[in-house]
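Taken together, the values in this text are just the output of simple stated rules run on the coordinates, not laboratory data. Values in this document were obtained by computation on a predicted structure and should not be read as measured data. A quick note on method: Cβ atoms are made from the backbone with ideal geometry, for glycine too, and the neighbour counts reach across all protein chains shown.
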Amino acid sequence: MDMIIDRRAYADMYGPTTGDRVRLGDTDLVVEVEQDHTVYGEECKFGGGKVLRDGMGQQSGASQKEALDLVITNALVLDYTGIYKADIGVKDGRIAGIGKAGNPDIMPGVAEQMIVGATTEVVAGEKLILTAGALDVHVHFICPQQVEEAIASGITTMLGGGTGPATGTNATTCTPGAFYIRTMLQAADAWPLNFGFLGKGNSSLRPGLAAQVEAGACGLKLHEDWGTTPAAIDACLAVAEEFDVQVCIHTDTLNESGFVEASRAAFKGRTIHTYHTEGAGGGHAPDIMRLSGEAYVLPSSTNPTRPFTVNTIDEHLDMLMVCHHLDKNIPEDVAFAESRIRQETIAAEDILHDLGALSIIASDSQAMGRVGEVVCRTWQTAHKMRQQRGLLPEE
């Protein structure tokens, strides 16, 4: 005999199912569950008097090899493939299956690789969203506390540079030289995240650049505070092409060695990641944003400008002065900082993200941004654009 319960009671017990709509946090963004793989009446649930007990949802006699190491039950999966509810099986630290987990002796629909046994741990995913871990690709590695904030917010990969609380690290994401690259890699072993460290790319000649990649740098970073000249850009990209690694760039705000056209010419069509392409974080003033129109440029934003709201401008000047070792008593330093903070281009940044012209949001932690806010600022940008620009055509 089938047991019929209403949708609210079902969602409270097992999480939302097909056709249910879920609001994402405190935003105006709503997702609809497209499919439920857990099989009605056969859902896995752990706890006193629940399903995952021996001979019930847990198969008796399942071997270590046959059974999952971990099952996440009744999670709402939200990723590029769709929006659906499922159990997630993990084996040897990797996802072994997504679908229906449990005991195939008595439950329909349990895949061979999704068996729950005596060697299986469980995480309750009911009423929770499961999605891919986020990447923060612009981190100043100043202190280990950043890692805890990152993983708590959903970040599983951190890319950037630095050597700890040094003046150069406060301003630039560079881990210069073999000694610092080696010791930063050793320090990163203590944390359950993926790390990549960028060497310093500011040199117009090859030797010092190649040595850093050979020492373990995952890429090279060009930063104006070290001198991002066309010659340095060209040499850095040449080494990156040789070793097949990425170059990230913070272009010349002061336009001392050339305007945005000079940097673009130095790129020579080679792939490059332009940091904070709007310019508040640094870059050719006032038109660095033009680079987002180049097919070979990977343009990113940093989260202090995401999204543009009433307090965005007010916090930037002091933050920039501190991070880039500027002096409020020197008029030229103040003018330099003010040239980077333009509400018009920050506002345009919202629209360019909505159009897909800007494709990455990172933190710039702890130089201007906040490592724990990459994910939430991304969703807030989408929320603001939905309010400002309306529904998508398919809605």
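Values computed for the structure shown
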{"read-out": "J(HN,Hα) series, the stretch 140-154, from Karplus relation 6.51 cos²θ - 1.76 cosθ + 1.60, nearest Hz, glycine and proline x", "value": "8, 7, 9, 8, x, 4, 4, 5, 5, 5, 5, 5, 5, 9, x"}
{"read-out": "Per-pair calculated FRET efficiency, R0 = 45 Å: Arg21 and Ala178 via Cβ, rounded to 0.05", "value": "0.25"}
{"read-out": "Anisotropy class of the stretch 247-395 from Cα gyration tensor, a/c 1.5 cut", "value": "oblate"}
{"read-out": "Cα-based shape type of the stretch 169-286, given that a ≥ b ≥ c are square roots of the gyration tensor eigenvalues and the cut on a/c is 1.5", "value": "prolate"}
{"read-out": "Mean residue ellipticity (222 nm) of the chain, computed from DSSP H runs ≥ 4 via -39,500 (n - 2.57), nearest 500", "value": "-8000 deg cm²/dmol"}
{"read-out": "Volume of the Cα convex hull of the chain, divided per residue and given in Å³", "value": "166"}
{"read-out": "Theoretical gain in end-to-end length, Ile83 to Glu148 [0.36 nm per residue, Cα-Cα removed]", "value": "20.6 nm"}
{"read-out": "Sorted peptide list for 93-100, 182-189, 51-58, criterion being average Cβ within 10 angstrom, highest first", "value": "51-58, 93-100, 182-189"}
{"read-out": "Residues whose placed amide H lies under 5 Å from that of Ser365, excluding near-sequence neighbours", "value": "His140"}
{"read-out": "Residue-span extension gain [Gln35 to Asn194] - 0.36 nm each, minus C-alpha spacing", "value": "54.1 nm"}
{"read-out": "Convex hull per residue volume in Å³, alpha carbons only, for the stretch 1-154", "value": "154"}
{"read-out": "Hz values of 3J(HN,Hα) by residue in the stretch 331-336 - Karplus curve (6.51, -1.76, 1.60), Gly and Pro given as x", "value": "x, 5, 5, 5, 5, 4"}
{"read-out": "Gained length - Val310 relative to Glu294, 0.36 nm times residue gap less alpha-carbon distance", "value": "2.7 nm"}
{"read-out": "Lysine pair number, Cα distance threshold 19 Å (strictly under), the stretch 7-130, separation 8 or more or different chains", "value": "11"}
{"read-out": "Spin-label pair Arg7/Leu135, simplified geometry with 7 Å Cα→Cβ offset, distance in nm", "value": "3.7"}
{"read-out": "Quotient of Cα Rg and 2.2 N^0.38 Å for the stretch 266-319, N being how many residues it contains", "value": "1.25"}
{"read-out": "Virtual spin-label span in nm between Ser339 and Ser60, 7 Å along Cα→Cβ", "value": "7.8"}
{"read-out": "Principal axis dimensions, the stretch 181-243 - Cα atoms, whole angstrom, descending", "value": "38, 24, 16"}
{"read-out": "Projected label distance in nm at Phe259 and Thr119, using a 7 Å step from Cα toward the beta-carbon", "value": "6.7"}
